[in-house]
Amino acid sequence: MSDIVRFKQHPSETLKVGKGFRLKDVDPDATPGYPGDKSDGELLLSDLDDNLTVFQEQLFAESRFGGTKRLLLILQAMDTAGKGGIVNHVMGTMNPQGVQLRSFKAPTDEEKSYDFLWRIEKEVPAAGMVGVFDRSHYEDVLIHRVHRWADPKELERRYQAINEFEARQTAAGTKIVKVMLHISPDEQKERLLARLDDPSKLWKYSSNDLKERAFWDDYMAAYQAAFDLTNSSAAPWHVVPANKKWYARIAVQQLLLDAMDGLKLEWPVPELDVALERDLVERS
(Lines give C-alpha, C1' and ligand atoms only; values in the text may rest on other atoms or scores of the structure.)
Protein backbone atom coordinates (compact mmCIF):
# COMPACT_ATOMS: atom_id res chain seq x y z
CA MET A 1 0.00 0.00 0.00
CA SER A 2 1.49 3.32 -1.11
CA ASP A 3 -0.09 5.32 1.72
CA ILE A 4 1.67 3.35 4.44
CA VAL A 5 4.36 5.42 6.18
CA ARG A 6 7.35 3.22 6.94
CA PHE A 7 10.48 3.62 9.04
CA LYS A 8 13.23 5.69 7.45
CA GLN A 9 15.77 4.12 9.80
CA HIS A 10 15.25 0.65 11.24
CA PRO A 11 14.75 0.34 15.02
CA SER A 12 17.34 -2.45 15.10
CA GLU A 13 19.85 0.30 14.28
CA THR A 14 18.45 3.41 15.96
CA LEU A 15 17.36 1.79 19.23
CA LYS A 16 20.22 -0.62 19.83
CA VAL A 17 22.37 0.04 22.87
CA GLY A 18 25.90 0.70 21.69
CA LYS A 19 29.24 1.77 23.06
CA GLY A 20 28.93 4.87 25.24
CA PHE A 21 25.14 4.58 25.48
CA ARG A 22 23.54 6.70 28.20
CA LEU A 23 19.91 6.16 29.14
CA LYS A 24 19.56 9.75 30.29
CA ASP A 25 20.18 10.88 26.71
CA VAL A 26 17.10 9.04 25.40
CA ASP A 27 13.99 11.19 24.99
CA PRO A 28 10.94 9.07 25.97
CA ASP A 29 8.78 11.30 23.74
CA ALA A 30 10.86 10.69 20.63
CA THR A 31 9.99 8.49 17.64
CA PRO A 32 13.45 7.62 16.26
CA GLY A 33 13.53 6.70 12.60
CA TYR A 34 9.79 7.13 12.06
CA PRO A 35 8.42 10.20 10.24
CA GLY A 36 4.71 9.47 10.68
CA ASP A 37 2.16 10.25 13.38
CA LYS A 38 -0.14 8.05 15.47
CA SER A 39 -2.59 7.28 12.66
CA ASP A 40 0.32 6.38 10.36
CA GLY A 41 1.79 4.12 13.01
CA GLU A 42 -1.49 2.31 13.57
CA LEU A 43 -1.79 1.65 9.82
CA LEU A 44 1.76 0.33 9.71
CA LEU A 45 1.13 -1.98 12.68
CA SER A 46 -1.90 -3.46 10.94
CA ASP A 47 -0.16 -3.70 7.58
CA LEU A 48 2.69 -5.80 8.96
CA ASP A 49 0.59 -8.16 11.08
CA ASP A 50 0.50 -10.76 8.32
CA ASN A 51 4.29 -10.68 7.92
CA LEU A 52 4.72 -11.57 11.56
CA THR A 53 2.20 -14.41 11.44
CA VAL A 54 3.86 -15.90 8.34
CA PHE A 55 7.25 -15.83 10.04
CA GLN A 56 5.74 -17.46 13.12
CA GLU A 57 4.21 -20.26 11.08
CA GLN A 58 7.49 -20.86 9.26
CA LEU A 59 9.29 -21.01 12.61
CA PHE A 60 6.83 -23.59 13.90
CA ALA A 61 6.85 -25.58 10.65
CA GLU A 62 10.64 -25.87 10.69
CA SER A 63 10.52 -27.29 14.21
CA ARG A 64 8.20 -30.09 13.03
CA PHE A 65 11.07 -31.26 10.81
CA GLY A 66 13.90 -31.05 13.32
CA GLY A 67 14.49 -27.29 13.42
CA THR A 68 15.84 -25.88 16.70
CA LYS A 69 15.23 -22.18 16.15
CA ARG A 70 13.05 -20.20 18.55
CA LEU A 71 12.56 -16.55 19.51
CA LEU A 72 12.48 -14.96 22.95
CA LEU A 73 11.25 -11.40 23.51
CA ILE A 74 12.33 -9.98 26.86
CA LEU A 75 10.27 -6.96 27.95
CA GLN A 76 11.50 -4.78 30.82
CA ALA A 77 10.07 -1.45 31.92
CA MET A 78 8.86 0.69 34.76
CA ASP A 79 5.22 0.19 35.73
CA THR A 80 2.62 1.49 33.21
CA ALA A 81 5.19 1.60 30.39
CA GLY A 82 3.05 -0.55 28.10
CA LYS A 83 4.30 -4.13 28.27
CA GLY A 84 0.73 -5.40 28.23
CA GLY A 85 -0.03 -3.30 25.17
CA ILE A 86 2.90 -4.89 23.34
CA VAL A 87 1.61 -8.35 24.20
CA ASN A 88 -1.95 -7.48 23.10
CA HIS A 89 -1.31 -5.40 20.00
CA VAL A 90 1.90 -6.93 18.63
CA MET A 91 1.98 -10.52 19.84
CA GLY A 92 -1.82 -10.75 19.76
CA THR A 93 -1.85 -11.28 16.01
CA MET A 94 0.13 -14.50 16.32
CA ASN A 95 -1.33 -17.97 16.74
CA PRO A 96 -1.60 -18.34 20.53
CA GLN A 97 -0.64 -22.01 20.26
CA GLY A 98 2.79 -20.90 19.12
CA VAL A 99 3.37 -18.29 21.83
CA GLN A 100 4.67 -18.97 25.34
CA LEU A 101 3.95 -15.97 27.58
CA ARG A 102 5.47 -15.86 31.03
CA SER A 103 5.15 -13.04 33.54
CA PHE A 104 7.64 -13.26 36.40
CA LYS A 105 6.26 -11.92 39.66
CA ALA A 106 7.92 -12.00 43.08
CA PRO A 107 9.52 -15.44 43.52
CA THR A 108 7.78 -18.03 45.67
CA ASP A 109 9.46 -19.60 48.70
CA GLU A 110 10.32 -22.64 46.59
CA GLU A 111 11.85 -20.48 43.86
CA LYS A 112 13.87 -18.56 46.44
CA SER A 113 15.43 -21.83 47.61
CA TYR A 114 17.14 -22.18 44.21
CA ASP A 115 19.44 -19.91 42.23
CA PHE A 116 17.60 -16.96 40.65
CA LEU A 117 17.84 -18.45 37.15
CA TRP A 118 16.19 -21.74 38.13
CA ARG A 119 12.65 -20.55 37.42
CA ILE A 120 13.78 -18.74 34.26
CA GLU A 121 15.47 -21.74 32.66
CA LYS A 122 12.24 -23.74 32.90
CA GLU A 123 10.31 -21.17 30.86
CA VAL A 124 12.60 -20.80 27.86
CA PRO A 125 10.52 -21.35 24.68
CA ALA A 126 10.66 -24.72 22.99
CA ALA A 127 11.92 -25.11 19.42
CA GLY A 128 9.52 -23.47 16.97
CA MET A 129 7.93 -21.28 19.63
CA VAL A 130 7.89 -17.54 20.29
CA GLY A 131 8.48 -16.83 23.96
CA VAL A 132 7.67 -13.59 25.76
CA PHE A 133 9.03 -12.71 29.20
CA ASP A 134 6.91 -9.92 30.70
CA ARG A 135 9.63 -8.98 33.17
CA SER A 136 12.42 -11.49 33.44
CA HIS A 137 15.67 -12.52 35.07
CA TYR A 138 16.63 -8.84 34.95
CA GLU A 139 14.33 -8.18 37.88
CA ASP A 140 16.89 -10.06 39.96
CA VAL A 141 19.51 -7.41 39.30
CA LEU A 142 17.28 -4.34 38.95
CA ILE A 143 15.13 -4.37 42.07
CA HIS A 144 17.83 -6.11 44.09
CA ARG A 145 20.28 -3.35 43.20
CA VAL A 146 17.78 -0.58 43.93
CA HIS A 147 16.74 -1.92 47.33
CA ARG A 148 20.16 -3.36 48.16
CA TRP A 149 18.75 -6.85 48.64
CA ALA A 150 21.94 -8.19 47.08
CA ASP A 151 25.46 -6.99 47.80
CA PRO A 152 27.82 -5.85 45.00
CA LYS A 153 29.60 -9.22 44.86
CA GLU A 154 26.33 -11.11 44.40
CA LEU A 155 25.14 -8.64 41.78
CA GLU A 156 28.38 -9.13 39.86
CA ARG A 157 27.81 -12.89 39.96
CA ARG A 158 24.28 -12.44 38.64
CA TYR A 159 25.34 -10.22 35.73
CA GLN A 160 27.86 -12.88 34.73
CA ALA A 161 25.29 -15.66 35.15
CA ILE A 162 22.85 -13.75 32.92
CA ASN A 163 25.47 -13.37 30.19
CA GLU A 164 26.29 -17.07 30.35
CA PHE A 165 22.61 -18.02 30.33
CA GLU A 166 21.87 -15.89 27.27
CA ALA A 167 24.97 -17.21 25.48
CA ARG A 168 23.80 -20.79 26.09
CA GLN A 169 20.35 -19.99 24.76
CA THR A 170 21.77 -18.33 21.67
CA ALA A 171 24.00 -21.33 21.00
CA ALA A 172 20.95 -23.59 21.29
CA GLY A 173 19.10 -21.71 18.55
CA THR A 174 17.29 -19.01 20.50
CA LYS A 175 17.12 -15.52 19.00
CA ILE A 176 16.88 -13.12 21.95
CA VAL A 177 15.29 -9.68 21.56
CA LYS A 178 15.80 -7.56 24.68
CA VAL A 179 13.63 -4.45 24.99
CA MET A 180 13.38 -1.76 27.64
CA LEU A 181 10.29 0.42 27.21
CA HIS A 182 11.40 3.86 28.38
CA ILE A 183 8.84 6.31 29.73
CA SER A 184 9.25 9.55 31.65
CA PRO A 185 8.16 9.99 35.27
CA ASP A 186 5.59 12.59 34.17
CA GLU A 187 4.08 10.13 31.69
CA GLN A 188 3.92 7.46 34.36
CA LYS A 189 2.09 9.87 36.66
CA GLU A 190 -0.51 10.55 33.96
CA ARG A 191 -1.03 6.83 33.39
CA LEU A 192 -1.36 6.11 37.10
CA LEU A 193 -3.96 8.87 37.42
CA ALA A 194 -5.77 7.51 34.35
CA ARG A 195 -6.05 4.14 36.06
CA LEU A 196 -7.60 5.75 39.11
CA ASP A 197 -10.07 7.74 37.00
CA ASP A 198 -11.21 4.92 34.72
CA PRO A 199 -13.31 2.12 36.26
CA SER A 200 -12.17 -0.23 33.48
CA LYS A 201 -8.53 0.37 34.41
CA LEU A 202 -8.80 0.69 38.18
CA TRP A 203 -8.01 -2.98 38.66
CA LYS A 204 -4.55 -2.37 37.18
CA TYR A 205 -3.62 0.13 39.89
CA SER A 206 -1.42 -0.94 42.76
CA SER A 207 -0.17 1.24 45.60
CA ASN A 208 3.13 -0.61 45.21
CA ASP A 209 3.59 1.19 41.87
CA LEU A 210 3.67 4.47 43.78
CA LYS A 211 6.19 3.11 46.28
CA GLU A 212 8.57 2.02 43.54
CA ARG A 213 8.09 5.34 41.73
CA ALA A 214 9.92 7.01 44.63
CA PHE A 215 13.07 5.15 43.53
CA TRP A 216 12.92 6.35 39.92
CA ASP A 217 16.49 7.63 39.70
CA ASP A 218 17.81 4.48 41.36
CA TYR A 219 15.96 2.34 38.81
CA MET A 220 17.39 4.37 35.92
CA ALA A 221 20.88 3.80 37.34
CA ALA A 222 20.13 0.07 37.70
CA TYR A 223 18.99 -0.12 34.08
CA GLN A 224 22.13 1.68 32.97
CA ALA A 225 24.23 -0.87 34.86
CA ALA A 226 22.31 -3.70 33.20
CA PHE A 227 22.95 -2.21 29.77
CA ASP A 228 26.64 -1.72 30.54
CA LEU A 229 27.14 -5.25 31.86
CA THR A 230 24.77 -7.46 29.85
CA ASN A 231 24.74 -5.95 26.37
CA SER A 232 26.25 -8.41 23.90
CA SER A 233 26.44 -8.90 20.14
CA ALA A 234 24.33 -12.06 20.43
CA ALA A 235 21.73 -10.50 22.74
CA PRO A 236 21.86 -6.71 22.45
CA TRP A 237 19.59 -4.37 24.36
CA HIS A 238 17.14 -2.01 22.61
CA VAL A 239 15.74 1.00 24.42
CA VAL A 240 12.37 2.00 22.98
CA PRO A 241 10.96 5.47 23.76
CA ALA A 242 7.50 4.62 25.05
CA ASN A 243 5.67 7.81 25.99
CA LYS A 244 3.82 7.32 22.72
CA LYS A 245 2.32 3.83 22.96
CA TRP A 246 1.71 3.59 19.22
CA TYR A 247 5.41 4.18 18.51
CA ALA A 248 6.55 1.59 21.05
CA ARG A 249 4.30 -0.99 19.41
CA ILE A 250 5.52 -0.47 15.86
CA ALA A 251 9.14 -0.31 17.05
CA VAL A 252 8.89 -3.65 18.85
CA GLN A 253 7.02 -5.14 15.88
CA GLN A 254 9.88 -4.07 13.61
CA LEU A 255 12.47 -5.54 15.99
CA LEU A 256 10.62 -8.87 15.96
CA LEU A 257 10.31 -8.85 12.17
CA ASP A 258 14.02 -8.13 11.85
CA ALA A 259 14.87 -10.94 14.28
CA MET A 260 12.63 -13.40 12.45
CA ASP A 261 14.08 -12.39 9.10
CA GLY A 262 17.56 -12.97 10.50
CA LEU A 263 16.65 -16.57 11.32
CA LYS A 264 16.50 -17.28 7.55
CA LEU A 265 13.31 -19.29 7.92
CA GLU A 266 12.08 -21.48 5.09
CA TRP A 267 9.09 -23.67 4.48
CA PRO A 268 10.16 -27.27 5.08
CA VAL A 269 9.80 -29.71 2.20
CA PRO A 270 8.57 -33.13 3.38
CA GLU A 271 10.01 -36.25 1.76
CA LEU A 272 6.97 -37.36 -0.18
CA ASP A 273 5.82 -37.85 -3.73
CA VAL A 274 3.42 -34.93 -4.15
CA ALA A 275 1.98 -36.28 -7.43
CA LEU A 276 1.32 -39.67 -5.87
CA GLU A 277 -0.22 -38.16 -2.75
CA ARG A 278 -2.44 -35.92 -4.90
CA ASP A 279 -3.61 -38.94 -6.85
CA LEU A 280 -4.39 -40.82 -3.64
CA VAL A 281 -6.37 -37.86 -2.27
CA GLU A 282 -8.37 -37.53 -5.48
CA ARG A 283 -9.16 -41.26 -5.43
CA SER A 284 -10.27 -41.21 -1.78
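The values are calculated or read from the model by the stated rules, or taken from the named source; none is laboratory data. Just so it is clear, the structure is predicted and the values come from calculations on it, not from any experiment. Quick reminder, even Gly has a Cβ in these numbers, built from the backbone with ideal geometry, and neighbours come from all protein chains shown. Just the protein is used for accessible areas: all its heavy atoms, side chains included, with ligands, DNA and RNA removed. Shrake-Rupley method; radii C 1.70, N 1.55, O 1.52, S 1.80 Å.
All told, Ser200 falls short of being open to solvent by 90 Å² or more (accessible area, probe 1.4 Å), out of contact with any Lys or Arg (no Cβ under 9 Å at 6 or more places or on another chain) and either on the phi < 0 side of the Ramachandran plot or in a helix (DSSP H, G or I) (or both). Taking the criterion of being part of a loop (DSSP other than H, G, I, E, B), more than 30 Å from Gln58 (Cβ to Cβ) and either touching a Phe, Trp or Tyr at 6+ places or on another chain (Cβ under 8 Å) or of a type outside the set (A, V, I, L, M, F, W, C) (or both), the residues of segment 94-116 that qualify are Lys105, Pro107, Thr108, Ser113, Tyr114, Asp115. All told, Met91 meets the bar of being hydrophobic (A, V, I, L, M, F, W, C) and modelled with pLDDT under 95. Is it true that Met220 is in contact with a strand residue (DSSP E or B) (Cβ under 6 Å, 6 or more places away or on another chain) and either part of a loop (DSSP other than H, G, I, E, B) or open to solvent by less than 50 Å² (accessible area, probe 1.4 Å) (or both)? It is false that Met220 is in contact with a strand residue (DSSP E or B) (Cβ under 6 Å, 6 or more places away or on another chain) and either part of a loop (DSSP other than H, G, I, E, B) or open to solvent by less than 50 Å² (accessible area, probe 1.4 Å) (or both).
Listed conditions (1) over 19 Å from Asp27 (Cα atoms); (2) at pLDDT 95 or above; (3) buried (at least 18 other Cβ atoms within 10 Å of the Cβ) are all met by Tyr205, apart from (2).
Restricting attention to segment 102-119 and to residues that are in contact with a strand residue (DSSP E or B) (Cβ under 8 Å, 6 or more places away or on another chain) and surrounded by 15 or more Cβ atoms within 10 Å (Cβ to Cβ), the residue that is modelled with the highest pLDDT turns out to be Arg102. For segment 250-284, filtering for residues that are open to solvent by less than 50 Å² (accessible area, probe 1.4 Å) and not in a loop (DSSP other than H, G, I, E, B) leaves 10. If you go through segment 170-180 one residue at a time, do you hit one that is part of a helix (DSSP H, G or I) and at pLDDT 95 or above? Yes, segment 170-180 contains at least one residue that is part of a helix (DSSP H, G or I) and at pLDDT 95 or above.
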